[in-house]
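For reference, the structure discussed in these notes is given below.
The values are calculated or read from the model by the stated rules, or taken from the named source; none is laboratory data. Only a predicted model underlies this, so the values are computations on that prediction, with no experimental measurement involved. Virtual Cβ from ideal backbone geometry, glycine too; neighbours counted across all protein chains shown. For accessibility, only protein heavy atoms count, side chains too; no ligands or nucleic acids. Shrake-Rupley method; radii C 1.70, N 1.55, O 1.52, S 1.80 Å.
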Protein chains: 2
Amino acid sequence: MSTRLCILDTLAHAKPVATTLRTTPARATNRTIRLFSSTATTAAHRALVFRQSGALNEVLSAQTFRALPPPGPGLVNVRVRLAPVNPSDVNVVEGVYPNKPKPETLPPLESNGLVQPSSASAGDGVGQEVYVPGNEGVAEVTAVGEGVSGLNVGDWVVFAKAQPGTWASARQVGERDVIRVDKDAGEVTAATLSVNPPTALCMLREFVQLKEGDWVVQNGANSAVGQLVIQIAARRGIRTLNFVRSRAAKDHDALVQRLGALGATHTHTYDELSDRAFVSRLKALTSSNPPRLLLNCVSGPQTTAMLRVLGPDAQLVSYGAMSKQPLALPTGLHIFRGLVARGFWMSRWYGTHDRAEREALLREVVAMKLTEPGHRIVDVEGAWSDEEAGRRVREALGADGRGGRGEKVLLRIQDPVL
Amino acid sequence: MSTRLCILDTLAHAKPVATTLRTTPARATNRTIRLFSSTATTAAHRALVFRQSGALNEVLSAQTFRALPPPGPGLVNVRVRLAPVNPSDVNVVEGVYPNKPKPETLPPLESNGLVQPSSASAGDGVGQEVYVPGNEGVAEVTAVGEGVSGLNVGDWVVFAKAQPGTWASARQVGERDVIRVDKDAGEVTAATLSVNPPTALCMLREFVQLKEGDWVVQNGANSAVGQLVIQIAARRGIRTLNFVRSRAAKDHDALVQRLGALGATHTHTYDELSDRAFVSRLKALTSSNPPRLLLNCVSGPQTTAMLRVLGPDAQLVSYGAMSKQPLALPTGLHIFRGLVARGFWMSRWYGTHDRAEREALLREVVAMKLTEPGHRIVDVEGAWSDEEAGRRVREALGADGRGGRGEKVLLRIQDPVL
């Protein structure tokens with residue numbers, strides 16, 4: 001018990017685990033792994049789970065799982081340090097996202113005796129399938145399996161696979177499903193590094209060759225990705241035409257100012273697009289470099305209206321559909337104006353690029369030192385029972401994953417103290 | 001007068017004009033051209049025109065124009081032999097097509113005296129702008145301007161430019177706006193060669209690399225392009241999943257049989273797509289080669305329903321929107337299934353490919369010896385007045401451009417006899 005706590009304590013202070021436990025590729029023998037795992041099995045780990053889809057603050061609970069087994073060939077065990085609650089995670093739990101985490105089966109009570117569920121209700125539904133949400137986060141490698149090269153115990157990694165289930169204290173993942181990241185990035189930046197910043201960066205360069213002075217049009221400009229697009233574009237001298245929802249004049253002015261401070265060239269509301277004179281002014285404004293890239297995370301009629309400001313041969317790249325409405329495109333824009341509509345999905349990008357490319361992309365993002373998202377950290381203490389942990393998390397997240405407070409929540413889930 | 005009639009007669013029999021009038025690049029001196037043009041100015045030409053948009057059988061009239069001037073540098077004069085009435089032409093006249101022919105100004109009455117409008121009403125609206133429809137046709141070169149190489153008097157050409165105004169007896173066009181075509185193609189095939197067959201061919205190979213056994217899905221399978229897609233695909237061992245509107249059982253069976261005879265693998269109705277079991281069967285049928293190409297000339301909800309049968313990373317290529325409704329795409333298909341939506345426009349293809357490529361494409365289409373579209377030829381006699389010619393054309397075409405008779409109409413417009 002004291003050994004486990006000692007390790008936990010070490011991890012909690014973000015130092016690498018003791019040198020004797022470190023596994024390097026050269027020393028990744030079965031013996032080394034067995035040595036480590038015999039120590040590790042004294043621990044349990046905890047995850048947030050849902051059984052049925054629903055509102056975050058209704059269906060989420062905390063669950064203690066027995067310790068991870070030693071990693072098999074090609075696998076690594078990681079301790080999750082920090083994991084964000086993203087809007088897409090809320091959708092996953094609601095059941096309105098196309099992807100769902102792989103189901104996991106609750107451990108039987110008659111386990112090997114080393115681990116016992118810590119809360120009174122943990123035995124409920126033993127053998128039942130549960131889902132662990134969480135698509136992003138930063139973790140530390142605690143053990144590597146046979147044949148794993150390029151990852152060492154103590155390395156920080158982020159997740160490059162859809163739905164790895166990061167709302168947990170520990171995970172076992174394939175070595176290809178994580179990407180090593182420099183600790184200099186800092187914990188918050190690293191935890192929010194793998195999805196939004198590379199999404200913004202890739203969308204700005206993979207579809208249209210943009211040069212200084214060119215315009216990019218985007219909706220949902222106030223979203224996390226939207227703000228990153230503004231920052232990255234501004235650093236490259238690319239001008240952004242940003243669209244947001246209408247709000248009270250004071251709030252709108254404050255938002256325009258905030259996006260402007262990040263580098264936004266112009267910020268307007270979708271409602272303005274119904275004014276022909278306004279659209280004509282935008283066209284005149286962009287006439288020397290008609291926009292060829294529209295980044296869409298909204299869809300619905302407001303996005304159709306935005307098509308008017310595009311030049312010929314434009315690309316409409318979708319990465320979300322916050323309006324929950326389809327994208328309605330006048331066919332003539334495809335035929336006569338060369339419009340191409342496509343999507344971008346970071347998980348897919350990771351799946352089609354090798355380790356070196358993936359690490360290079362994240363190094364590039366870290367080097368940009370982009371503004372960290374406004375956030376607060378929600379701790380899930382090891383001393384809490386599953387019941388208490390679940391209740392506190394539901395309160396902290398609310399239905400929107402932000403507890404109605406507008407800042408991004410980052411979860412720090414500790415192993416349960418048994 | 002007799003000279004003009006003699007030339008007309010010669011042209012009517014599809015022989016090249018007399019050798020003394022032939023202009024080759026080497027002999028394309030001003031003198032040669034002047035010699036020819038002094039002969040040509042004794043003739044007038046006629047075109048079908050509209051002043052305001054509207055139904056074909058309401059706004060179309062015939063109009064005599066003075067003879068074409070000699071072609072300037074880079075220009076050629078052609079006599080149009082046969083020009084089809086395509087659905088897009090009907091849309092152009094209705095004013096619901098994005099392209100419109102360039103306006104032409106009616107000749108003043110006080111012309112050089114060689115040409116007089118032949119009908120009593122031709123003087124109306126002198127100086128007023130009119131539009132000559134017609135996007136396709138086969139024509140014979142009657143004179144070439146200075147610097148024109150690769151085109152000789154007597155050559156057959158088709159049009160490679162949007163809205164050249166082929167519903168006329170003669171046109172003056174840029175040498176780049178026409179493509180030489182082999183006379184062996186035959187007049188009807190040549191007149192309908194430049195738009196539909198290369199559209200079908202290009203769409204089948206420019207976006208997705210298809211191999212034998214692959215599936216292509218298309219709507220409007222009964223359209224001219226649809227039938228060409230079926231034929232071209234069948235010759236390459238590519239299977240087609242064809243969709244058409246619901247109709248009476250007997251008519252549907254006849255259509256399925258007719259498309260089957262052209263090479264269609266399966267033909268279904270849009271309505272069947274609302275049956276989940278049917279969609280599952282289609283998916284099972286195509287599971288070894290999930291369709292990656294959907295050719296769309298319909299748009300609207302029936303096209304959205306068709307997306308269900310596509311495999312991942314599919315391309316939705318639009319070349320029409322007969323439903324006159326937009327294309328509604330679930331954003332998730334772009335993001336998570338890699339769907340790319342784009343358009344294809346033959347005029348654009350011609351504009352971005354050089355003479356050799358354009359001629360090669362048409363040679364390839366001619367060599368395929370595709371089934372000629374069902375058609376009837378409507379003659380516009382030189383002896384008729386503009387008034388009579390207009391009336392007869394309106395009757396023959398009706399509102400749908402086919403006089404309600406279902407066959408494609410080809411116009412053979414003769415120079416007016418003055």
Original post:
Within the stretch A:319-333, how many residues turn out to be of a type in the set (S, T, N, Q) and within 7 Å of chain B (Cβ to nearest Cβ)?
Top reply: 1
Original post:
Which residue out of A:Ser385, A:Ser323 is touching a helix residue (DSSP H, G or I) at 6+ places or on another chain (Cβ under 9 Å) and either more than 30 Å from B:Val92 (Cα to Cα) or open to solvent by 60 Å² or more (accessible area, probe 1.4 Å) (or both)?
Top reply: A:Ser323
Original post:
Since A:Lys161 meets every condition but one in (1) surrounded by fewer than 21 Cβ atoms within 10 Å (Cβ to Cβ); (2) touching a helix residue (DSSP H, G or I) at 6+ places or on another chain (Cβ under 7 Å); (3) farther than 17 Å from A:Ser347 by Cβ; (4) not acidic (Asp, Glu), which condition does it not meet?
Top reply: (3)
Original post:
So is A:Leu362 out of contact with any Lys or Arg (no Cβ under 8 Å at 6 or more places or on another chain), among the aliphatic types (A, V, I, L, M), open to solvent by less than 60 Å² (accessible area, probe 1.4 Å) and over 20 Å from A:Glu140 (Cβ atoms) or not?
Top reply: no
Original post:
Could you list, in sequence order, the residues of the stretch B:181-193 that are buried (at least 19 other Cβ atoms within 10 Å of the Cβ) and over 14 Å from the mean Cα position of the chain (by Cα)?
Top reply: B:Val181, B:Ala185
**OP:** Just name the residue that is nearest to A:Leu282 (Cα to Cα) out of those in the stretch A:204-260 that are assigned to a helix (DSSP H, G or I) and in contact with a Pro (Cβ under 6 Å, 6 or more places away or on another chain).
**Re:** A:Leu228
Subject >> Residue selected from the stretch A:292-318 under the condition β-branched (Val, Ile, Thr) and within 10 Å of chain B (Cβ to nearest Cβ), by the criterion farthest from the chain's Cα centre (by Cα) >> reply: A:Thr304
Subject >> Boolean, B:Ser280 is over 14 Å from B:Leu204 (Cβ atoms), surrounded by fewer than 21 Cβ atoms within 10 Å (Cβ to Cβ) and touching a His at 6+ places or on another chain (Cβ under 9 Å) >> reply: no
Subject >> Complete set of residues in the stretch B:194-207 that are in contact with a strand residue (DSSP E or B) (Cβ under 8 Å, 6 or more places away or on another chain) and open to solvent by 10 Å² or more (accessible area, probe 1.4 Å) >> reply: B:Leu204, B:Phe207
Subject >> Any hit, the stretch B:344-355, residues being at the interface with chain A (Cβ under 7 Å from one of its Cβ atoms), touching a Gly at 6+ places or on another chain (Cβ under 7 Å) and crowded, with 18+ Cβ neighbours inside 10 Å >> reply: no
Original post:
Looking at B:Asp415, is it in contact with a strand residue (DSSP E or B) (Cβ under 6 Å, 6 or more places away or on another chain), buried (at least 22 other Cβ atoms within 10 Å of the Cβ) and acidic (Asp, Glu)?
Top reply: yes
Subject >> Residue check, B:Val217 in contact (Cβ under 8 Å) with a residue 60 or more places away in the chain, assigned by TED's automatic domain parsing to the domain that holds B:Gly406, open to solvent by less than 10 Å² (accessible area, probe 1.4 Å) and out of contact with any Cys (no Cβ under 8 Å at 6 or more places or on another chain) >> reply: no
Original post:
Quick one: A:Pro373 ticks every box in (1) at pLDDT below 95; (2) within 14 Å of another protein chain (Cβ to nearest Cβ); (3) surrounded by fewer than 21 Cβ atoms within 10 Å (Cβ to Cβ) bar one, so which box is it?
Top reply: (2)
Original post:
All but one of (1) open to solvent by 20 Å² or more (accessible area, probe 1.4 Å); (2) more than 14 Å from chain B (Cβ to nearest Cβ) hold for A:Phe336; which doesn't?
Top reply: (2)
Original post:
Is there a residue being at the interface with another protein chain (Cβ under 9 Å from one of its Cβ atoms) and either under 24 Å from A:Lys211 (Cα atoms) or at pLDDT below 95 (or both) anywhere in the stretch A:277-291?
Top reply: no
